[in-house]
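**Q** Here it is: the structure, laid out below.
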Amino acid sequence: MSKVIAFAGKGGVGKTTVAALVVRYLSTAGKTPVLAVDADPNSNLGETLGLEVTATIGDIRENYMKDPQGIPSGMDKINYLETLVEQALIEKPAFDLLVMGRQEGQGCYCMVNNILNKFTDKLAASYKYMVVDNEAGMEHLSRRTSGRVDMLFLVTDYSLRGLRAVRRINEMLQGLNLDVKKIGLVVTRAPAKLSDVFLREAEEIGVPLVGIIPDDPTLLEFDMEKRSLYDLPDDSLSVMAVNSLIADNCSF
């Protein structure tokens, strides 16, 4: 069974960057196979890792709902949907990527969602690690049939708005169908010293501060040049910080 490392936080705080660098760390450290899951409709994990995404689980779901009878002869709906998921999987030598895509539209999606969720859980079981970049509501994680998360990182940038979003996500956890083993707070774009005001508010959330990712100009350079974060140099500030984050918190 794969170990699930998940990330949540409001948009724009850098959680996709951290998730991509975790995929980089696990892959380069030989902790493979790794499945990266982009579960944020507004996220760009594939792009961050230098991959072009042509199909998503959301596309599969919507296309099936438009034409549920369009199943090739000799296939049932379960095999048909599972085959489409396998085709949507982007396979690379160091890791694989599955993109969940857009949220569902109008109509009853229960049957197709159950099939897709069960199959993605079954698929994930063949990987050593699954790295999941979530939307703030963690809808994908809460729908997974297992609901298990080994390490959940709540990510904020160095702002009180980001921290307050993390507080709301943490409070929401109790109402979700999740079995979270460990949880920690990660601060991105951090200065050399965090202010007392910031630290006090972070402490009030009740989640231990487990990682600080310093402001790293190399990330901006790579973004402007449309380069994959997988190719960041080993001595990049963000790479070293994320490597330490996972080494210290994910020794399972």
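The values are calculated or read from the model by the stated rules, or taken from the named source; none is laboratory data. This is a predicted model, so every value here is computed, not measured. In this analysis, Cβ positions are derived from the backbone assuming ideal geometry, glycine residues included, and neighbour counts consider all displayed protein chains. Quick note on the areas: whole protein, heavy atoms, side chains included, nothing else; ligands and nucleic acids left out. Shrake-Rupley method; radii C 1.70, N 1.55, O 1.52, S 1.80 Å.
**Q** Using helices alone, what [θ] at 222 nm do you get for the chain, with -39,500 (n - 2.57) per DSSP H run of 4 or more residues, divided over all residues and rounded to the nearest 500?
**A** Mean residue ellipticity at 222 nm (helix-derived): -12500 deg cm²/dmol.
**Q** Mind checking which lysines have their C-alpha under 27 Å from LYS193, skipping anything on the same chain fewer than 8 residues away?
**A** Within the straight-line limit of under 27 Å, LYS193 reaches these lysines: LYS10, LYS15, LYS182.
**Q** Over the range 7-89, calculate the relative contact order: mean separation of alpha carbon pairs under 8 Å at least 6 apart, over the residue count, as a percent.
**A** About 21 percent, as a whole number.
**Q** So, one more: Among (i) 16.7; (ii) 13.8; (iii) 11.5, which one is mean projected area of the Cα convex hull in nm² computed from these coordinates?
**A** Read-out taken from this structure: (ii).
**Q** Continuing with this model, one more query. Could you do me a favour and compute the accessible area per residue for the chain, 1.4 Å probe, result in Å²?
**A** Per-residue accessible area for the chain comes out at 48 Å².
**Q** Pull out the extension gain between LEU237 and ASP215, defined as 0.36 nm times the separation in residues minus the alpha carbon to alpha carbon distance; nm, one decimal.
**A** 7.1 nm
**Q** Also, quick follow-up: Remind me, relative contact order of the range 1-151 in percent, using alpha carbon pairs under 8 angstrom and six or more residues apart?
**A** Answer for the range 1-151 is 46 percent.
**Q** What is the P(r) of the range 148-252, as percent of Cα-Cα pairs per 10 Å bin from 0?
**A** Here the calculated profile for the range 148-252 is 13, 40, 34, 13, 0.
**Q** Return the carbon/sulfur percentage of the accessible area of the chain, one whole number, probe 1.4 Å, all protein chains in place.
**A** Carbon and sulfur together cover 48 percent of it.
**Q** Give me the lysines in straight-line cross-link reach of LYS31: C-alpha distance below 18 Å, same-chain residues under 8 apart excluded.
**A** Within the straight-line cut-off, LYS31 pairs with LYS3, LYS92, LYS128.
**Q** Which of these, GLY14, GLY175, GLY147, has the largest mean-square fluctuation under a Gaussian network model of the chain (Cα springs below 10 Å)?
**A** Highest fluctuation among the options: GLY175.
**Q** Still on this structure: Choose one answer from GLY46, GLY206, GLY74: the residue with the largest mean-square fluctuation in a GNM of the chain with alpha-carbon springs under 10 Å.
**A** Of the options given, GLY74 has the highest mean-square fluctuation.
**Q** On full extension of the chain, what length is gained from GLU203 through THR32, given 0.36 nm per residue of separation minus the C-alpha to C-alpha distance?
**A** Extra length from GLU203 to THR32 when fully extended: 58.1 nm.
**Q** In the Gaussian network model of the chain, springs joining C-alpha atoms below 10 Å, which of LEU199, LEU154, LEU84 carries the largest mean-square fluctuation?
**A** LEU199
**Q** Hey, rough spin-label estimate for LYS226 and MET65, points 7 angstrom out along Cα→Cβ, what's it come to in nanometres?
**A** 3.2
**Q** Could you list which residues have their amide H under 5 Å from that of GLY50, counting only those 5 or more apart in sequence or on another chain, with H placed in the peptide plane?
**A** When sequence neighbours closer than 5 places are left aside, the close amide H contacts are LEU229.
**Q** So what is the relative contact order for the chain, in percent, with contacts set as C-alpha pairs under 8 Å and at least six apart?
**A** 28
**Q** Report the full-extension gain for the segment THR145 to ASN114: residue separation times 0.36 nm, less the Cα-Cα distance, to one decimal in nm.
**A** Taking 0.36 nm per residue and subtracting the Cα distance, the gain is 10.3 nm.
**Q** Same structure, new question: For ASP248, ASP121, what's the largest-to-smallest order of accessible area, 1.4 Å probe?
**A** Correct descending sequence by accessible area is ASP248, ASP121.
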